[in-house]
Amino acid sequence: MIRRGRAADVRGLAEAMGAAFEDDPIASWFWNKRKGRREYIRGWYELVAKEHYLDHGEVFVAEEDGEIAGCSMWSPPGEWRFNPRVEMRTTRYALPRLGLRVPIASVAMRRIERRHPRAPHWYLSELGVRPESQGRGLGSQLMFEMLARSDRERTPVYLESSTERSRALYERHGFRTSEVIRMPRGGPPMWLMWRGHHHTSCSSMTP
């Protein structure tokens, strides 16, 4: 079942995202030590879901057998940046955990932010599904409602993809790669993807 996220889901969705991104190439590059990585990622999503996306964006969760299996988080046009209070809290969370990687991580973040489109768009900033729940169409279902809305509003959608597999998923839904950037010092690639407003979504949110 796909439904809107609510405050009570924060812990469960953060758990799901920690599992989804523990071995992700970009997350593994930022947090390059395996030990503690899932906990860092889980804490990050708990923070940003609670402080930003539930109040200033759109959150959808996929539920299986009463457990949250995946999540998508969206920022509306013009509001993809965290406000100063949230920016301060996320920085305070990330800095001690990144440790010596703070300088190179900061370069990477600036590189990503500089490429962020200026034209109005919905920003699919986060989409993740637990490994054991992948391959069942949940990633697609977590996008349906907002892609349909973007089509109705004739508003493009932007995202960054960190794997070939996720890039292929997004391409099936009408996204096209606008640019490929690499993390500094030979780090992994990131695909910047854009979806214009001329597409028709093939489904809507599961009731």
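Structure summary
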quantity: Number of the exception - P117 against (1) touching a Ser or Thr at 6+ places or on another chain (Cβ under 9 Å); (2) surrounded by 18 or more Cβ atoms within 10 Å (Cβ to Cβ); (3) outside any strand (DSSP E or B); calculated: (2)
quantity: Positions within segment 3-55 being small (G, A, S) and within 19 Å of G139 (Cα to Cα), in sequence order; calculated: G5, G12, A14, A16, G18, A19, A20, A27, A49
quantity: Positions within segment 129-139 being open to solvent by 20 Å² or more (accessible area, probe 1.4 Å) and small (G, A, S), in sequence order; calculated: G135, G137
quantity: E51 vs. criteria open to solvent by less than 30 Å² (accessible area, probe 1.4 Å), assigned to a helix (DSSP H, G or I) and either more than 25 Å from P184 (Cα to Cα) or modelled with pLDDT of 95 or more (or both); calculated: yes
quantity: Condition broken by E126, with the remaining ones in (1) modelled with pLDDT of 95 or more; (2) surrounded by 14 or more Cβ atoms within 10 Å (Cβ to Cβ); (3) assigned to a helix (DSSP H, G or I) satisfied; calculated: (3)
quantity: Members of segment 146-167 that are open to solvent by 30 Å² or more (accessible area, probe 1.4 Å), over 16 Å from the mean Cα position of the chain (by Cα) and on the phi < 0 side of the Ramachandran plot; calculated: R149, R152, E153
quantity: Unmet criterion (only one of (1) in contact (Cβ under 8 Å) with a residue 60 or more places away in the chain; (2) open to solvent by 40 Å² or more (accessible area, probe 1.4 Å)) for E67; calculated: (1)
quantity: Some residue of segment 36-59 being in contact with a Pro (Cβ under 7 Å, 6 or more places away or on another chain) and closer than 14 Å to L127 by Cβ; calculated: yes
quantity: Output for segment 157-183, where each listed residue is in contact with a helix residue (DSSP H, G or I) (Cβ under 7 Å, 6 or more places away or on another chain), assigned to a loop (DSSP other than H, G, I, E, B) and over 19 Å from D23 (Cα atoms); calculated: H173
quantity: Residue selected from segment 168-202 under the condition surrounded by 14 or more Cβ atoms within 10 Å (Cβ to Cβ) and among the small types (G, A, S), by the criterion modelled with the lowest pLDDT; calculated: S201
quantity: Tally, over segment 66-107, of residues that are more than 18 Å from A49 (Cα to Cα) and among the hydroxyl-bearing types (S, T, Y); calculated: 1
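The values are calculated or read from the model by the stated rules, or taken from the named source; none is laboratory data. Just so we're clear, the structure is a prediction, and the values are computed from it rather than from any experiment. FYI the Cβ positions are ideal-geometry reconstructions off the backbone, even for glycines, and counts take in every protein chain you see. With ligands, DNA and RNA removed, areas are computed over all heavy atoms of the protein, side chains included. Shrake-Rupley method; radii C 1.70, N 1.55, O 1.52, S 1.80 Å.
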